[in-house]
1. Kindly provide the set of residues from segment 43-84 that are within 16 Å of the chain's Cα centre (by Cα), small (Gly, Ala, Ser) and part of a helix (DSSP H, G or I), ordered by number.
2. Just checking, does segment 47-58 include any residue being free of Cβ contacts under 8 Å to residues at least 24 places away in the same chain, out of contact with any Leu (no Cβ under 9 Å at 6 or more places or on another chain), open to solvent by 40 Å² or more (accessible area, probe 1.4 Å) and of a type in the set (A, V, I, L, M)?
3. Is it fair to say LEU67 is open to solvent by 30 Å² or more (accessible area, probe 1.4 Å), closer than 15 Å to ARG38 by Cβ, in contact (Cβ under 8 Å) with a residue 40 or more places away in the chain and assigned by TED's automatic domain parsing to the domain that holds PRO43?
Amino acid sequence: MAVRQARLLLFFSILIFQYSSIVAADTGSAVRAFTPLRFSVEPCDVLAVRGLPAVLNCSVAGAEAVLARVEWRKDGTFLNLAADERRRLLPGGSLLISTVVHSKHNRPDEGVYQCTATLDSLGSISSRTARLTVAGQ
Ligand SMILES: *[C@@H]1O[C@H](CO)[C@@H](O)[C@H](O)[C@H]1NC(C)=O
């Protein structure tokens, strides 16, 4: 009887072990499915000129790249580009500032920018940060 119980216990242990290996392998493939998203271009520090356009470059590559949503943060806050007349997203993911604004009391463009790419329900990646400085303060 004891031998039979021991065999049964061994059988279930093996079953549970195999099941947890399968679960672990599944989790691994979910991670692999996401890693193909990466930045092929990340923004660099830029010296802009008041009254002229400026571009911060960003481009996403990888198998899932076409599905990625690109957004920009300035000084840590997401820019609402839909409601922005001077800034817009270029087709590849770069940020265009059509006319750099810079006066003594209004300096909306100077700051630290960061590009993020999001795949809904999977996660997002963030680029390096880049500083935009306006020449000839
Ligand atoms: C952005 O990309 C364009 C086209 O590849 C390049 O000409 C330009 O120098 C880049 N600008 C910056 C600030 O990296």
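The values are calculated or read from the model by the stated rules, or taken from the named source; none is laboratory data. Source: prediction; values computed, not measured. Every residue, glycine as well, gets a Cβ built from its backbone with ideal geometry; the counts of neighbours run over all protein chains shown. With ligands, DNA and RNA removed, areas are computed over all heavy atoms of the protein, side chains included. Shrake-Rupley method; radii C 1.70, N 1.55, O 1.52, S 1.80 Å.
1. Selection gives ALA65 alone.
2. Residues of segment 47-58 that are free of Cβ contacts under 8 Å to residues at least 24 places away in the same chain, as a first pass: none.
Looking through segment 47-58, none of the residues is free of Cβ contacts under 8 Å to residues at least 24 places away in the same chain, out of contact with any Leu (no Cβ under 9 Å at 6 or more places or on another chain), open to solvent by 40 Å² or more (accessible area, probe 1.4 Å) and of a type in the set (A, V, I, L, M).
3. Values: open to solvent by 30 Å² or more (accessible area, probe 1.4 Å): yes; closer than 15 Å to ARG38 by Cβ: yes; in contact (Cβ under 8 Å) with a residue 40 or more places away in the chain: yes; assigned by TED's automatic domain parsing to the domain that holds PRO43: yes.
Yes.
Here is a yes/no grid of residues against (1) among the hydrophobic types (A, V, I, L, M, F, W, C); (2) under 14 Å from ALA54 (Cβ atoms):
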residue	(1), (2)
ARG86	no, yes
LEU96	yes, yes
ASP109	no, yes
SER121	no, no
SER126	no, no
THR129	no, no
LEU132	yes, yes
